[in-house]
Structure formats: C-alpha cells, structure tokens
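What follows is a short report on a single structure.
The values are calculated or read from the model by the stated rules, or taken from the named source; none is laboratory data. From a predicted model like this one, the values you see are computed outputs, not experimental measurements. Heads up, the Cβs are rebuilt from the backbone with ideal geometry, glycines too, and the neighbour counts pull from every protein chain shown. Surface areas here come from the heavy atoms of the whole protein model, side chains and all, with no ligands, DNA or RNA. Shrake-Rupley method; radii C 1.70, N 1.55, O 1.52, S 1.80 Å.
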Amino acid sequence: MTDLIRVEGVTKNYSLGKEKFEVLKGLDFRVEKGSFVVIMGKSGSGKTTFLNLLGLLDKFDGGKYIYNGTDVTGMSDNQRSDFRNKNLGFIFQQFHLIESLNIGQNIELPLLYSGVSDKNKRVKAVKEALSKVGLLEKIRNFPNQLSGGQQQRISIARALVNNPDIILADEPTGALDSKTGYEIVELLADLNRQGKTVIMVTHDEDLKRYASHLVFLKDGVFIREEEM
Ligand SMILES: Nc1ncnc2c1ncn2[C@@H]1O[C@H](COP(=O)(O)OP(=O)(O)OP(=O)(O)O)[C@@H](O)[C@H]1O
Ligand SMILES: [Mg+2]
C-alpha cells in the first residue's frame with residue numbers, strides 16, 4: 001500500500017514565557033491511502049495540535065513530513081496554504097462557516113482561494129459537493145437557518161469541493177447529539193468507501209468501530225489502548 005502521509009519524529013513545543021512546553025514528543029505516523037484513521041486521547045493530549053500539523057495549519061518544530069511523496073516539511077507559509085487548499089479538506093467541531101455568506105458562497109470559498117477563476121466551473125463544483133451531502137436545496141440559505149447536523153454536512157461539502165485526497169476531522173460530532181453525530185460519521189464512512197482517506201479525532205468510544213487504524217495519544221506520544 002502507498003503511504004499518503006509519512007511523518008517522522010515530529011515535535012511541537014509551545015512556550016509560556018520562558019518555559020518551554022513540549023506537546024508532541026517525536027511522533028512517527030503513517031497513513032495508507034484509503035484508510036480511516038481514528039485518533040483518540042484525553043483532553044490536552046495533543047490531538048488537535050497533531051491534526052493541525054498534518055493539515056499544514058501550523059508549523060512543527062522538528063521532524064519530517066512527507067505528503068504523497070512530496071516533502072512538505074520546509075514549505076513557506078504561502079506554499080503551505082496553497083498546498084492545503086489544493087490537497088486537504090478540513091472539518092471542525094464548530095463547523096466554522098461564515099455567517100454572512102450563504103451556503104453556496106461558503107462552499108465556493110476554497111475554490112476562490114485556490115484560484116479557480118472560471119465562475120461556471122465553481123458553480124458546478126459547489127453543486128456537486130452539495131449533492132454529495134444531500135443538501136443542494138439549501139444553496140441560498142444562510143448558516144443560521146440550518147440545524148447543527150446540516151451545518152456540519154455543509155462544512156463537509158466545503159471540505160470536498162476541491163476534491164482533496166484526504167479529510168481531516170477534529171471532533172466532527174462534538175457539537176451534535178449522538179444520532180446526528182452518527183449520520184455525520186456515516187457520511188465520512190461513505191466518502192471513505194468512495195476512496196477518500198479520513199483522519200478523525202474523537203472522544204467518542206462508540207466511533208472506534210469506524211476505524212481501519214486506531215491510535216491513542218497520551219502526553220504527546222502514541223501508546224497502546226491498554227495504556228490509556
Ligand atoms: N497556542 C497554544 N499555546 C500554548 N499552549 C497550547 C496552545 N495550543 C495548545 N496548547 C497546549 O497543548 C496541549 C495540547 O492541546 P491540544 O489542543 O492539542 O489538545 P487536544 O488533545 O486536542 O485536547 P481536547 O481533547 O481538549 O481538544 C494542551 O496542554 C494545550 O494547553
Ligand atoms: Mg482538540
């Protein structure tokens with residue numbers, strides 16, 4: 001199997017005044033194309049920090065990161081955001097939709113950021129992404145007119161619109177009731193069956209069963225489940 005992600009010896013520190021606080025302590029991590037990786041661990045264990053590094057939202061202090069054969073370790077801020085817009089899709093616990101834009105405009109944003117200048121092409125991609133999450137009829141609505149579950153589906157459509165290889169999801173069910181949360185994870189599982197690689201951070205033990213690979217983070221290192 002081909003590795004979509006290969007990370008070696010990744011470290012991340014935060015400094016609080018003069019004190020240095022080591023959040024990630026030399027992580028090795030590989031993700032095969034097509035897998036559904038679930039990352040679990042107690043609050044404060046570094047899950048979000050790690051996912052943000054994988055998603056090139058943040059810089060790490062040490063180690064090496066190869067994404068689909070490309071060394072992305074030393075990229076500049078501009079290169080990283082460009083790479084992110086073209087290759088990665090994100091969803092967050094709190095959806096992060098822009099309230100002043102309608103649903104269609106929210107989903108269009110990543111296309112604008114990545115320089116898709118043809119309006120017709122953008123409209124087509126937005127409609128395709130919305131159809132995949134079953135909410136095409138909401139294209140002119142605003143985020144505050146949608147339920148939490150619908151808003152999360154919209155944020156999945158936004159993550160899909162650039163046709164990324166991978167979706168990174170940080171507690172995507174955290175703000176939803178359990179039934180709606182399951183619907184969201186089922187949707188991610190469907191996308192995974194269609195070939196998208198998924199990395200999901202969750203606290204929910206019941207969601208472990210979706211994992212093709214399950215990892216546990218504790219105090220900045222990966223551990224076995226029994227050590228949790
Ligand atoms: N910007 C920052 N500056 C300083 N410390 C930070 C910063 N972001 C995170 N931390 C610290 O790093 C540690 C890991 O945080 P992180 O958000 O990655 O945890 P988490 O596993 O996602 O937790 P949760 O399950 O609560 O979301 C925590 O101790 C946190 O306080
Ligand atoms: Mg977190």
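Selection over region 177-212 of residues that are within 16 Å of ligand 1 (Cβ to nearest atom) and either open to solvent by 20 Å² or more (accessible area, probe 1.4 Å) or under 21 Å from T2 (Cβ atoms) (or both) gives a count of 6. Is it the case that region 65-78 has a residue that's surrounded by 21 or more Cβ atoms within 10 Å (Cβ to Cβ) and either within 16 Å of ligand 1 (Cβ to nearest atom) or under 17 Å from I154 (Cα atoms) (or both)? No: zero hits. Summed over region 165-199, the residues that are in a loop (DSSP other than H, G, I, E, B) and either under 20 Å from M40 (Cα atoms) or of a type outside the set (G, A, S) (or both) give a count of 10.
Residue selection: T49 satisfies the criterion of being within 13 Å of ligand 1 (Cβ to nearest atom), open to solvent by 10 Å² or more (accessible area, probe 1.4 Å), β-branched (V, I, T) and under 26 Å from I223 (Cα atoms). Quick check on region 8-18. Is at least one of its residues at pLDDT 95 or above, within 27 Å of Q152 (Cβ to Cβ) and either away from ligand 2 (no atom under 16 Å from the Cβ) or in a loop (DSSP other than H, G, I, E, B) (or both)? Within region 8-18, none of the residues are at pLDDT 95 or above, within 27 Å of Q152 (Cβ to Cβ) and either away from ligand 2 (no atom under 16 Å from the Cβ) or in a loop (DSSP other than H, G, I, E, B) (or both). Would you call R209 in a helix (DSSP H, G or I) and touching a residue at least 24 places away in the same chain (Cβ under 8 Å)? When the stated conditions are applied, R209 does not pass them. Looking only at residues of region 145-164 that are in a loop (DSSP other than H, G, I, E, B) and more than 11 Å from the chain's Cα centre (by Cα), we find that the one that is nearest to G195 (Cα to Cα) is N163.
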